[in-house]
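Scroll down for the structure; my scribbles are underneath it.
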Amino acid sequence: MLLAGAAWAQPMLESRPDARPLLRYCDYPVYPPISWSDGQQVRGLAPNLVRQVLGDLGYQVQVVVLGNWKRCLLDAAAGRVDVVLAYSTSQRQQDLVFSRVPVLREEVALFVNRRHAPHFETLQDLTAYRGGLLFGESYGQQFDREVVQHGNIEWVSSSQQNFGKLIRQRIDFIPHERRTGQLFIEQLPGAEDIVALPQALSVDYLRLAVSRHSPLAAHMVQIDAQLQRQVDSGAIQRWLDQSQADYRAMLQSTRAAP
């Protein structure tokens, strides 16, 4: 799980010699199977999709990994990187142009420690408890208004740190994409009591987002057409399934190594 929870103090760049125009894609690979690192490169659905879509449009992609997700968003807002994959919010729309075609439907669940599970029926219930989020994360305007702005969120840089605090009952809940959270806690030592509540906190859609400073922002129609092509062909689901299998295989290999 060190690979899933790693933080980088300096940008990690991944590029290939190519004569095509270069675009910079920023990722914080701690969200398997969407994106994760095997210690050498960023893997998962997200980098595969970005390379395919932008490659088909005639671009070369350079992957940039920064120390946390917030830094990715700040660099995209400033135009230092061209592309990220993110949820669309009104605040982010000021600096980013989002694809109309979604990459993936994601259900946000509340992960809790069943030894001390909070009472949860509405977002207002969460104001009585302590929650954990990664820097830069947002789960919608209503969640931000009802929970985050209440001041009961502790911000960290890694999912490993966040779930570790939940295991030790230092926080009461973690809002997290259900698929990624379940995959993460499968192999996390001490996570036997960590469960996702059946009630969905929200449903959102991961989208390709382009910095308004990037020349790519003028080509959102073409991007949407390419995204729809990948959806219709089943490529996105195949990349997702393969990434999940590869991630589990990597963890098993790591545990088996002497």
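Annotations for the structure displayed:
- Strands (runs of 3 or more DSSP E) contained entirely in segment 122-186, each with at least 1 residues that are in contact with a strand residue (DSSP E or B) (Cβ under 9 Å, 6 or more places away or on another chain), in the same structural domain as residue 198 (by TED's automatic domain parsing) and of a type in the set (D, E, K, R): 153-156, 173-177
- Of the residues screened, residue 35 is not one that is polar (S, T, N, Q) and either surrounded by fewer than 20 Cβ atoms within 10 Å (Cβ to Cβ) or modelled with pLDDT under 95 (or both).
- Qualifying residue in segment 212-226 (condition: on the phi > 0 side of the Ramachandran plot and either touching a Leu at 6+ places or on another chain (Cβ under 8 Å) or in the same structural domain as residue 99 (by TED's automatic domain parsing) (or both)): no
- Meets criteria (of a type outside the set (A, V, I, L, M) and either assigned to a helix (DSSP H, G or I) or closer than 20 Å to residue 199 by Cβ (or both)) for residue 102: no
- Residue match in segment 89-106 (condition: touching a Cys at 6+ places or on another chain (Cβ under 9 Å) and touching a residue at least 24 places away in the same chain (Cβ under 8 Å)): no
- Flag for residue 203 being under 25 Å from residue 167 (Cα atoms), outside any helix (DSSP H, G or I) and touching a residue at least 24 places away in the same chain (Cβ under 8 Å): no
- The single residue among 112, 97, 108, 147 that is touching a Pro at 6+ places or on another chain (Cβ under 9 Å) and modelled with pLDDT of 95 or more turns out to be 112.
- Failed criterion for residue 92 (all others in (1) in the same structural domain as residue 191 (by TED's automatic domain parsing); (2) under 18 Å from the mean Cα position of the chain (by Cα); (3) basic (Lys, Arg) hold): (1)
- Restricting segment 48-97 to residues that are in a strand (DSSP E or B) and polar (S, T, N, Q), the residue that is nearest to residue 216 (Cα to Cα): 60
- Only a single criterion out of (1) touching a Gly at 6+ places or on another chain (Cβ under 8 Å); (2) buried (at least 21 other Cβ atoms within 10 Å of the Cβ); (3) farther than 18 Å from residue 98 by Cα is not satisfied by residue 165, namely (2).
- Of the criteria (1) assigned by TED's automatic domain parsing to the domain that holds residue 78; (2) in contact (Cβ under 8 Å) with a residue 40 or more places away in the chain, which one residue 238 fails: (2)
The values are calculated or read from the model by the stated rules, or taken from the named source; none is laboratory data. Since we're looking at a predicted model, the values are computed, not measured. Neighbour counts run over all protein chains shown; Cβ positions are idealised from the backbone, glycine included.
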